[in-house]
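Have a look at the structure below, then the notes.
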There are 2 protein chains.
Amino acid sequence: MAKDKKLVEAITSMEEDFAKWYTDVVKKAELIDYTSVKGCMVIKPAGYAIWENIQHELDRRFKETGVENVYLPMFIPESLLQKEKDHVEGFAPEVAWVTHGGLEPLQERLCVRPTSETLFCDFYAKDIHSHRDLPKVYNQWCSVVRWEKTTRPFLRSREFLWQEGHTAHATAEEAEERTKQMLNLYADFCEETLAIPVVRGQKTDKEKFAGAEATYTIESLMHDGKALQSGTSHNFGDGFAKAFGIQFADKDNTLKYVHQTSWGMTTRMIGAIIMVHGDNSGLVLPPRIAPTQVMVIPIQQKKDGVLDKAFEVKDTLAKAGLRVKVDDSDKSPGWKFSEQEMRGVPIRIELGPKDIEAGQAVIVRRDTREKTVAAFDEIADKAAEILETMQTDMLERAREHRDTHTYIAHNIEEMKQIADEKPGFIKAMWCGCQECEDAMKEEVGVTSRCIPFAQEEISGVCVHCGKPAKHMVYWGKAY
Amino acid sequence: MAKDKKLVEAITSMEEDFAKWYTDVVKKAELIDYTSVKGCMVIKPAGYAIWENIQHELDRRFKETGVENVYLPMFIPESLLQKEKDHVEGFAPEVAWVTHGGLEPLQERLCVRPTSETLFCDFYAKDIHSHRDLPKVYNQWCSVVRWEKTTRPFLRSREFLWQEGHTAHATAEEAEERTKQMLNLYADFCEETLAIPVVRGQKTDKEKFAGAEATYTIESLMHDGKALQSGTSHNFGDGFAKAFGIQFADKDNTLKYVHQTSWGMTTRMIGAIIMVHGDNSGLVLPPRIAPTQVMVIPIQQKKDGVLDKAFEVKDTLAKAGLRVKVDDSDKSPGWKFSEQEMRGVPIRIELGPKDIEAGQAVIVRRDTREKTVAAFDEIADKAAEILETMQTDMLERAREHRDTHTYIAHNIEEMKQIADEKPGFIKAMWCGCQECEDAMKEEVGVTSRCIPFAQEEISGVCVHCGKPAKHMVYWGKAY
């Protein structure tokens, strides 16, 4: 089993260099590769299969709440992008511009969508006339482009995949309700499916989306103590509606502006899965999102009956609804174990001639390496049970890591010390003014992650200026 | 039921003006809408739901043959596009060029992918080293851009949705086998799922894909007698591999070039569904692709028990695996019938107080308007049976239309007469030279659709030049 070591040695340990560990895992687990197109990546089959499962599960949850999918153009005429002032200021510096179509220059240049609020508004202005046309609860799955200067696989790239929901409502209350509903949907999805615990809250005015009245966010904590914004939901009020003239005749026959929301989640969640659950042997996938949940690895597979039994076990598990494969390649078992671990397959089943004689096989959990011997007639039940336990344990472990890396600062000195010595979330009181928020970045090196819905009163005053505090805020260093 | 008429009158009859009928249906069935972005469309929920079903069914069939999904960048650096000579000549005149990223001009301009052969080649050149890395059987779902001058909803737009498969193989035989396999997969999908009969064949050298050694195609016939290229599969041989240096160490330790294929199907198939199956009341969706297969329409829905029964029927059908909705809006039943017909929902169930008293409801087929009375305890079985019959009948009807609009021409005079008077496919012999093919376009106004795999010997000589014929060819006017 010499090769076993070789594959593991191929990745840097996370204690030594977390950033290098991350890119090593991304490459060795064959999730992504760099391309000749600067700042853009190839998502390889093992990575894309995770995204397909995310899409499938999110889409199912969306549709349960009445969301319908649509597709809008990838191009935005410059004049359309400029209609909402805050929005254009936020996005214009980082868009890609198309200036020629075929051999001719365009009359008006087009940007490749960095997000599609303006297109949806243009569409809604034509499509909405009466209260009968409301609400519109549309979503699209697509890629968007933001011309980032520095990029990292999944976390920040010039093009990335996402979904963007855009809704229009008759009342402000309904829009607010939808904004919160989608944030909670994202939070539940992260916790139930990705086993990633999140803090639900609101962005400060400084950190909110360009053009939004309010931005809600879920924030998760990576293994290295850095925060990751994991999903956002924006309430636009009627600001875009006024800029684009989206009006409807209400039941009382008066013309009113609609109230709008948007919300999105991206392929960066694959990065979150890696950085929350991974270890020094590679990726660890939560069972509910894993494209392959069980890898059956035959030992001495050339011996009579071993491969037959391996495929028999596979069929039994597949019939029970598990996603299962057999690794019948000509590599050594040790190498296969390492590959299964590197790729984060939640459990493996080891199966050799002696096991077969004894009517059993060994189930090994990817996260704890715990081994369970299971008789063939109960193997599907055992495997399903272990996968369920593993899913729950992974969430609990991540929650524990998050909680033990969440610190309370009573004053700015404490805050500086924590920020320097203990990577994680810092909970501290804030007066609500941008000067203090800017100073936190300048003096402490942290940004506001969110004003959590679950408020605690640590003290009565802002840690920076000492004036009366308005909110308890989560601060941190972020990806 | 006055409103009934009004909605139907909203569309032009197909006999009067087929092109106008088509755009009317596309609009009134709420499949698509125009946008402020010239040549680009919005695919609305009713249209996108059809595409989702196409995706789902094609993807399932792909994966059964070992296809894995990936995602490559949407941008192609100009130097990469230029690596294969024929390919760049074919596509460069119709691509959109990105020249600025953010506020700065790019060092090298990027085109928005019109198709991704060059990107896959660049990726494969880095990813393929050994025969163990082969075959690669990858696919991506994405949008592509071609700067068309004239556009039509679904059939031709500057941006459209599609899938593009790209494979690499160790041998020429394996590549040829995959090319044919995917063409047959498309053909089976069209016939079994979309109820659209197709002619399977090969494109002439003039009509083949830029850079391909051979292009296979499936061609279908629309209701107006025009042809639609419905799916293509290309064998590139080792041409791209040589241009991009994609080599592998074979089992005998020699370096060899890979053999490649690509194959694609697009949202234009939604246009095909409309133009093959639609009628003067609107869209007619084949049951297997219809997002909603059954619309339950209550009559006198305000009367006690009517709505309850309607939802009970809906639940019964849903449990039996049918996709079913109740139209409980406050519109008149006549208006609801018209809407259900306009949107092509395959069957409706009419259900009023008298029906409920009699313990039955009326099932109406969208295509034939045939009515079947079904007792409540057998209504799910009946509905499922009618949907199956309708699917089969639609394919048969389309096949009959295609066959009665396929003509044989023995000489150029006959061919001209048919082309002038009888819209449809024309089968005629051809010598194989491009001069005669060009002349057909010039003199007869038709293009070669394909050299069908199922050859017939109509005569021994080319209808144009009279020299010995090489192939029987399908000719026609095409979208």
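What the table shows:
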{"quantity": "Calculated Rg and Dmax of chain B using C-alpha coordinates, Å", "calculated": "25.2, 81"}
{"quantity": "Rg/Rh for the stretch A:406-476, where both radii come from Cα atoms and Rh is the Kirkwood radius", "calculated": "0.91"}
{"quantity": "Sparsely packed trypsin sites (Lys or Arg not before Pro) within the stretch B:221-258, loop by DSSP, other Cβ within 10 Å at most 11", "calculated": "B:251"}
{"quantity": "FRET efficiency, 1/(1 + (r/R0)^6) with R0 56 Å, evaluated for residue A:34 and residue B:279 via beta carbons", "calculated": "0.60"}
{"quantity": "Cβ-based exposure ranking for A:228, A:194, A:255, in which fewest neighbours within 10 Å come first", "calculated": "A:255, A:228, A:194"}
{"quantity": "Sequence-separation-based contact order of chain B, relative, with Cα cut under 8 Å and 6+ spacing, percent", "calculated": "14"}
{"quantity": "Residue B:300 versus residue B:60: modelled label distance in nm, points set 7 Å from Cα along the beta carbon direction", "calculated": "4.1"}
{"quantity": "Residues whose placed amide H lies under 5 Å from that of residue A:41, excluding near-sequence neighbours", "calculated": "A:159"}
{"quantity": "On Cα atoms only, tilt of A:18-28 relative to the major axis of chain A in degrees", "calculated": "60"}
{"quantity": "Using alpha-carbon coordinates, inclination of helix B:333-342 to the longest axis of chain B, degrees", "calculated": "10"}
{"quantity": "Distance from the stretch B:52-75 to the stretch B:414-479 (C-alpha centre basis), Å", "calculated": "35"}
{"quantity": "Fewest-first ranking of B:12, B:368, using other Cβ atoms within 10 Å as the exposure measure", "calculated": "B:368, B:12"}
{"quantity": "Length released on extending from residue B:358 to residue B:457, taking residue separation times 0.36 nm less the Cα-Cα span", "calculated": "29.6 nm"}
{"quantity": "Karplus-derived 3J(HN,Hα), 6.51/-1.76/1.60, for each residue of the stretch B:321-328, Hz, glycine and proline x", "calculated": "x, 8, 8, 9, 9, 10, 8, 9"}
{"quantity": "Whole-angstrom gap from the stretch B:139-157 to the stretch A:297-345, using each part's C-alpha centre", "calculated": "43"}
{"quantity": "Label distances, nm, residue B:392 versus same residue in remaining copies, Cβ-directed 7 Å point", "calculated": "5.0"}
{"quantity": "Whole-number percent relative contact order across the stretch A:366-479, with pairs defined as alpha carbons under 8 Å at least 6 apart", "calculated": "25"}
{"quantity": "Stretch gain in nm, segment residue A:78-residue A:439, where the contour uses 0.36 nm per residue and the Cα spacing is subtracted", "calculated": "126.4 nm"}
{"quantity": "Set of the stretch B:233-260 residues, backbone N closer than 18 Å to the point 7 Å along the Cα-Cβ line of residue B:184", "calculated": "B:233-235"}
{"quantity": "Two-site FRET efficiency, residue B:393 against residue A:411, from Cβ-Cβ distance with R₀ of 60 Å, rounded to 0.05", "calculated": "0.15"}
{"quantity": "Relative contact order (%) - criterion: Cα under 8 Å, at least six apart; region: the stretch A:84-202", "calculated": "19"}
{"quantity": "The stretch A:348-479, Cα convex hull volume normalised per residue, Å³", "calculated": "126"}
{"quantity": "Sorted by Cβ neighbour density within 10 Å, fewest at the top, the residues A:150, A:404, A:266, B:316", "calculated": "A:150, A:404, B:316, A:266"}
{"quantity": "Whole-Å semi-axes of the protein assembly as shown's equivalent ellipsoid (Cα gyration tensor)", "calculated": "47, 37, 31"}
{"quantity": "HN-Hα J in Hz across the stretch B:44-55 - Karplus 6.51, -1.76, 1.60, θ = phi - 60°, x for Gly and Pro", "calculated": "7, x, 5, x, 5, 5, 5, 4, 4, 5, 4, 4"}
{"quantity": "Net charge dipole size for chain A [Lys, Arg +1 and Asp, Glu -1 on Cβ; Debye, nearest 20]", "calculated": "800"}
{"quantity": "Inter-probe distance in nm under a simple model that places probes 7 Å from Cα toward Cβ, at residue B:385 and residue A:23", "calculated": "6.6"}
{"quantity": "From phi via Karplus (6.51, -1.76, 1.60), per-residue ³J(HN,Hα) for the stretch A:435-441 in Hz, x at Gly/Pro", "calculated": "4, 5, 5, 4, 5, 4, 5"}
{"quantity": "Extension reserve of the residue A:312-residue A:331 stretch, reckoned as 0.36 nm per residue once the Cα distance is removed", "calculated": "4.8 nm"}
{"quantity": "The protein assembly as shown: calculated mean residue ellipticity at 222 nm from DSSP helix runs of at least 4, using -39500 (n - 2.57)", "calculated": "-11000 deg cm²/dmol"}
{"quantity": "Alpha carbon Rg of the stretch A:142-196, scaled by the compact-globule rule 2.2 N^0.38 Å", "calculated": "1.50"}
{"quantity": "Kirkwood estimate for the stretch B:18-277, i.e. one over the average of 1/r between Cα atoms, Å", "calculated": "19.3"}
{"quantity": "Stokes-Einstein D (µm²/s) once Rh is taken as the Kirkwood radius of the stretch A:146-262 over alpha-carbon pairs, at 37 °C in 0.692 mPa s", "calculated": "206"}
{"quantity": "Rg(Cα)/(2.2 N^0.38 Å) for the stretch B:73-180, N = residue count", "calculated": "1.22"}
{"quantity": "Efficiency of FRET between residue B:52 and residue B:130 - r from beta-carbon atoms, R0 51 angstrom, step 0.05", "calculated": "0.85"}
{"quantity": "Top positive-direction residue, dipole computed over the stretch B:406-476 with Cβ charges, set B:450, B:436, B:412", "calculated": "B:450"}
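Coordinate-derived values only; no laboratory data. Model, not experiment: these values are computed from the prediction. With ideal geometry, Cβ positions are generated from the backbone for all residues, glycine too; neighbour counts draw on all protein chains shown.
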